[in-house]
Amino acid sequence: MMKRSTLEGYRFAGMHRSCVGAVKSCLGYYGSSETAAWIYGVTGGAFLIIVDEALSAPLIGEPEGSMYALSKHLGLDIQGICATAADGSAFEALQREAWGMARNALDRGVPAFAKELDLGNETSLIYSYDETGYYTHSWHSGPGLHEGADGVVPWTMLGRSYCPCAACRREADSGGERKRVFRGLPENGGFVSLHVAEEGDRSDDRTALAAALRFATEWSSRSAYEWGGRTFYSGGAAYDRWIGAVRSGSIEAFYMGYFVDIMHESRRYAQQFLAEAAERLEGDDAMAKRLAVAAEHYKKVSGLYRTLEQMFPWMQPHAPIADAERRQHAIELLERIKRLDEEGWAMLEEMRLPKKVDCYEG
């Protein structure tokens, strides 16, 4: 079938926190010169840590609506659907609404992206469509990576995690299931998340920084919350849950590596974001110095996560971490990181700018 309204130059960013990667891809499509670090920091992703009760649902339960709202400071107006349907008919209505929204956006040259479209918990770019469905860029895209990944995803599979690549089709045919956001049987409904990103006016650097710091400090102070049939933990409570899962041996090595990859990327960009903020606010000597000190602090956090990443390189097996010594070393590192991160959040709290900026959905 003939593809319609294909967006050229709209490419997957390759970030572990792929919702931030989608923001970066949209900005790149519009020709923005913002750095990856500034994007990661302003969206708040650089300072988050969120885990589920079983340490097996990475990138699920994150405050993506708030992060997309913060993207207005980068020059994007992101609107869309992020909803759970209680039954099959309501779910189909959401799918149809999203299908119309995506086609309308692409026809106008506006980029779209979605979660649980092809890779479950990941956010994938929608760069084209035809009569059947969506064409995506994701972790499975690219020459020689996953044969068939450039195939169409039927629009009725949004929210059902349907990757067209040959490997995923074989896995599905053999009864394998990908990690899904929605917990429940298809006939009981599902989760639909599809957004489009219009170009808008960016904020000045000070306003963007104020919004990011407010978001980061408020989310780091949350402990447990319910979303989508799971319990999630944020801030220090997330570290406690993670350390407990390593100590008990309940976390799979696969998810250990997955979470470590996300967190190393996040804290590496935290350090770079704060250093860049110090340069951008050099006219405010006091604030610039505090930002520079915070950047050096997060460099330590990033370094410890780098050590963990070397201990659990991608991709680890879906099996317990059998080596007790390896688990103990991981616990010690996570305990050190927790203390440093808590100190870092306190630094961010002290730097919160006096101007109240209501710029995200809290």
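Points worth noting:
- Scanning segment 40-66 for residues being more than 14 Å from Ala245 (Cβ to Cβ) and either among the aromatic types (Phe, Trp, Tyr) or out of contact with any helix residue (DSSP H, G or I) (no Cβ under 8 Å at 6 or more places or on another chain) (or both) gives a total of 5.
- Filtering Ser248, Ser302, Ser266 for residues that are polar (S, T, N, Q), within 26 Å of Tyr225 (Cα to Cα) and either within 23 Å of the chain's Cα centre (by Cα) or surrounded by 16 or more Cβ atoms within 10 Å (Cβ to Cβ) (or both) leaves a single hit, Ser266.
- For segment 14-23, filtered to residues that are modelled with pLDDT of 95 or more and either outside any helix (DSSP H, G or I) or touching an Asp or Glu at 6+ places or on another chain (Cβ under 8 Å) (or both), the residue that is surrounded by the most Cβ atoms within 10 Å (Cβ to Cβ) is Arg17.
- Every residue from segment 55-74 that is over 17 Å from Asp204 (Cβ atoms), open to solvent by 10 Å² or more (accessible area, probe 1.4 Å) and more than 12 Å from the chain's Cα centre (by Cα): Ser56, Ala69
- Check on Glu97, closer than 17 Å to Leu119 by Cβ and of a type in the set (Asp, Glu): no
- The helices (runs of 4 or more DSSP H) found entirely in segment 251-362 that carry 1 or more residues being farther than 21 Å from Ser223 by Cβ and touching a Pro at 6+ places or on another chain (Cβ under 8 Å) are 253-280.
- Filter result for Ser124 (surrounded by fewer than 24 Cβ atoms within 10 Å (Cβ to Cβ) and of a type in the set (Gly, Ala, Ser)): no
- The residue list Gly80, Gly120, Gly61 contains one member that is in a loop (DSSP other than H, G, I, E, B) and closer than 26 Å to Leu7 by Cα, which is Gly120.
- Taken together, Gly100, Gly31 contain a single residue that is assigned to a loop (DSSP other than H, G, I, E, B), over 25 Å from Glu218 (Cβ atoms), open to solvent by 10 Å² or more (accessible area, probe 1.4 Å) and at pLDDT 95 or above, which is Gly31.
- Failed criterion for Ala93 (all others in (1) open to solvent by less than 20 Å² (accessible area, probe 1.4 Å); (2) part of a helix (DSSP H, G or I) hold): (1)
- Hits in segment 277-294 - residues which are in contact with a Phe, Trp or Tyr (Cβ under 9 Å, 6 or more places away or on another chain) and surrounded by fewer than 20 Cβ atoms within 10 Å (Cβ to Cβ): Arg280
The values are calculated or read from the model by the stated rules, or taken from the named source; none is laboratory data. Everything quoted here is computed from the prediction, not taken from an experiment. Every residue, glycine among them, receives a Cβ derived from its backbone with ideal geometry; neighbour counts consider all protein chains shown. For accessibility, only protein heavy atoms count, side chains too; no ligands or nucleic acids. Shrake-Rupley method; radii C 1.70, N 1.55, O 1.52, S 1.80 Å.
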